[in-house]
Amino acid sequence: METTSRADVQDAAATPGVPGEDVAAAGQGMPAAVRRTVDGYLMAAFPWYGLDEAFAGPRWLMQVGAAADGTVEHGATGHGEEPSLKVETTAESRANQRFAVVVTVASRPVRRSADGTGMLEATSVSSAAWLAGSGLLSCTWPSQMERALRQDWLDQQTAIAWELADDLGGPAWSQLTLPVDGVPTDFHYRESEYGWVLAGSAREGVHVGAYGRGMSAYGLGFSVVKDITTYA
């Protein structure tokens with residue numbers, strides 16, 4: 001598929017951007033802890049997406065993913081109850097959590113890697129679908145399961161999420177139309193016992209993915225985040 005490889009995405013997700021002078025200037029007047037949280041988001045050269053104004057609940061930042069040269073490639077904004085994976089959290093409590101996470105992925109063509117030794121594949125809707133699918137797994141893995149079995153479960157489910165993202169035209173996906181900046185937009189949508197995942201494209205040169213549980217995807221709308229610091 002026309003997307004970054006699974007390894008590329010995982011590497012990017014583990015490397016937050018490095019704050020620069022422009023970011024520091026943009027964060028003046030905010031507490032230092034807030035500036036550290038939003039720095040990576042402020043460095044992005046593309047707009048961030050979240051749920052639109054119809055959502056009145058809590059909003060929170062997650063993490064940005066950056067390339068080896070510090071270029072921000074993707075990130076996520078959270079809405080609702082922030083998922084907890086603490087061991088003491090019961091399976092029933094976890095199942096009752098209500099949240100929706102919106103993933104924004106910069107639209108990138110095929111390009112050279114930061115070290116100049118290879119090429120990175122283009123990003124696509126499949127990139128957003130993969131990040132959303134793997135993000136859902138990170139919020140729902142069975143913490144009460146024995147450690148070795150848990151890793152096997154994660155490996156298996158991660159492989160499935162990758163295969164599903166590579167086959168958006170397959171039977172696992174249905175079509176769902178939701179508003180993006182007020183414009184009806186088609187998304188690829190699927191449900192599982194762990195929650196739901198969707199992915200599509202926005203008009204601002206980005207791909208948008210989302211995942212959640214306890215909140216129906218059918219009533220959601222997405223829009224550009226006007227001020228990302230309000231999520232901090």
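Would you list F55, F222 from the most to the least accessible area, probe 1.4 Å?
Result, largest first: F55, F222.
If you rank L154, L178 by how much accessible surface each has, with a 1.4 Å probe, what is the order from largest down?
L154, L178
The values are calculated or read from the model by the stated rules, or taken from the named source; none is laboratory data. Here the structure is a predicted model, which means the values were calculated and not measured. Keep in mind that these areas ignore ligands, DNA and RNA; they rest on the heavy atoms of the full protein, side chains included. Shrake-Rupley method; radii C 1.70, N 1.55, O 1.52, S 1.80 Å.
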